[in-house]
1. Step by step: first the residues of region 70-80, then only those that are among the hydrophobic types (A, V, I, L, M, F, W, C) and in a helix (DSSP H, G or I), then the one that is farthest from the chain's Cα centre (by Cα). Which residue is that?
2. Considering only residues that are hydrophobic (A, V, I, L, M, F, W, C) and open to solvent by 40 Å² or more (accessible area, probe 1.4 Å), which ones fall in region 59-102?
3. How about region 43-58: which of its residues are surrounded by 12 or more Cβ atoms within 10 Å (Cβ to Cβ) and in a loop (DSSP other than H, G, I, E, B)?
4. Quick one: is ALA105 hydrophobic (A, V, I, L, M, F, W, C) and loosely packed, with under 14 Cβ neighbours inside 10 Å?
5. Filter region 59-69 for residues that are in a helix (DSSP H, G or I) and out of contact with any helix residue (DSSP H, G or I) (no Cβ under 6 Å at 6 or more places or on another chain) and give the result.
Amino acid sequence: DQNVPLYAAAQVAPKAAPSVVEVMAETHPWRTDMPGAPVKDILSAISLNDRVQFINVLFQGDPVIFQQTRAKINAMTSLDEVVDYVTANFNWDMSSQVVYRFMMAVRRKVQG
């Protein structure tokens, strides 16, 4: 159609910016996946097999560090508080499967 201005044909709708939830989900699914029923102590949300793996992989094989971290996390009230603590004190791959399982247990404690 010769009556359509050239600039109209060149206009492209801008892409919508991803939401915060979408950005966080892309980075760490444990932030957005449903964590399960709330617990008073994260230990209640961790199976024995996971506990052994968490101690070995995340806490350098030291059950004392695991227990100290568990006690600190149990006193925390938000996921951001836990993430700040973990990233300041440990060098974890926050995208790994073992961290996913640990953080899902954490979310059961601090979700509400």
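1. Here the residue is ALA71.
2. Listed by number, the residues that qualify are VAL64, ILE65, ALA71, ALA75, ALA88.
3. Residue satisfying the conditions is ILE46 alone.
4. no
5. Of everything in region 59-69, those that are in a helix (DSSP H, G or I) and out of contact with any helix residue (DSSP H, G or I) (no Cβ under 6 Å at 6 or more places or on another chain) turn out to be VAL64, ILE65, GLN67, GLN68, THR69.
The values are calculated or read from the model by the stated rules, or taken from the named source; none is laboratory data. These numbers were taken from a predicted model, which means no experiment stands behind them. Please note: Cβ atoms are built from the backbone with ideal geometry, for glycine as well, and neighbour counts cover all protein chains shown. What goes into the accessible areas is simple: the full protein's heavy atoms, side chains included, and nothing from ligands, DNA or RNA. Shrake-Rupley method; radii C 1.70, N 1.55, O 1.52, S 1.80 Å.
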